[in-house]
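The block underneath contains the structure these notes are about, expressed in structure tokens.
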């Protein structure tokens, strides 16, 4: 009887340890993100802005790095790091 209890405890601990290892998967991704601004306006209006003033913005490309830790099959934690994109803006119309 004295040897059964430690053996049962060891078997139970090994079984729980295996379940914890299976639920902790790591996912690492790297990629490129393309930002499309689709800028289109019918002109900028307001106090102190000349008539016909407008602006355009360009698209941008940036690199990203993703690390994900799955806690359960349905729940995970994700960390996304990237280089900030540079989006260019140009004045058009009467303010150009």
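Place a point 7 Å from the Cα of residue 28 along the Cα-to-Cβ direction; which residues of segment 69-88 have their backbone N under 13 Å from it? Within reach of a label on residue 28: 69.
If R0 is 35 Å, the Cβ-Cβ spacing of residue 37 and residue 72 corresponds to a FRET efficiency of close to 0.40.
Here, each number is a calculation from the coordinates, and none is a lab measurement. Note that the structure is predicted; figures quoted are calculated from it, not measured. Please note: Cβ atoms are built from the backbone with ideal geometry, for glycine as well, and neighbour counts cover all protein chains shown.
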